[in-house]
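The values are calculated or read from the model by the stated rules, or taken from the named source; none is laboratory data. Small disclaimer: the values here were computed from a predicted structure and weren't measured. Reconstructed Cβ throughout: ideal geometry from the backbone, glycine too, with neighbour counts over all protein chains shown.
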Amino acid sequence: MTLPTPVLHTARLRLRPFTDADADSLFALHSSSHAMRYWDSAPWRERARSERFLTMCAKLAEDGTGARVAIDRASDGAFVGWCSLTGWNPDYRSASLGYILNDTMWGHGYATEAVHAVLAWGFDTLDLNRVQAEVDTRNTASGRVLEKIGFVREGTLREECVVNGEVSDTWVFGLLRREMRPSTTAACVH
């Protein structure tokens, strides 16, 4: 079963399926050691990773296991980052959330706005009941993004990851449909 990747609009953002034209923007994002400092994999060193990433995005939609959307700023089309719901389980009505933004886009509320739009789509279109997210415990800003939306920190996976050669703990956050807080920026699906 395929799952068409949505096009979503918020007050300041456009979330859309990836295209081949995004390869350079993806490489710039994922090769940034600053943006990737809490990620569970090393920054990219070769541009070919972008093509593999784009292939994986298409496979998610084709397999019907999730959706990954590019995030653009509506005012000028600048690439902000991406957000995803993966591991969709229609029987359990659950999925996992992931996102990353260019470090130049941090601190503007774009992550909260994009995540909220993707979650609203997931709860409405996929009939989700629960979404889970995992965050490196040193990434307090990402934890705040999730808590603003209504996620609850449910536990800590001790020494769960090795990030840049350092062992790190991971927070597990969960959000139930009934706990999601209203958005201050409405999103619509096209």
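Odds and ends about this structure:
- Scanning the stretch 15-27 for residues being over 12 Å from residue 101 (Cβ atoms) and more than 14 Å from the chain's Cα centre (by Cα) gives a total of 7.
- When residues of the stretch 111-164 are limited to those that are of a type in the set (Gly, Ala, Ser), buried (at least 16 other Cβ atoms within 10 Å of the Cβ) and outside any helix (DSSP H, G or I), the one modelled with the highest pLDDT: 133
- Residue, farthest from residue 100 (Cα to Cα), within the stretch 28-52, restricted to residues that are under 16 Å from the mean Cα position of the chain (by Cα) and either modelled with pLDDT of 95 or more or loosely packed, with under 13 Cβ neighbours inside 10 Å (or both): 41
- Exactly one residue out of 28, 35, 78 is free of Cβ contacts under 8 Å to residues at least 40 places away in the same chain and out of contact with any Cys (no Cβ under 6 Å at 6 or more places or on another chain): that is 78.
- Whichever residue in the stretch 18-27 is over 15 Å from residue 105 (Cα atoms) and out of contact with any Lys or Arg (no Cβ under 6 Å at 6 or more places or on another chain) and, among such residues, is surrounded by the fewest Cβ atoms within 10 Å (Cβ to Cβ): 20
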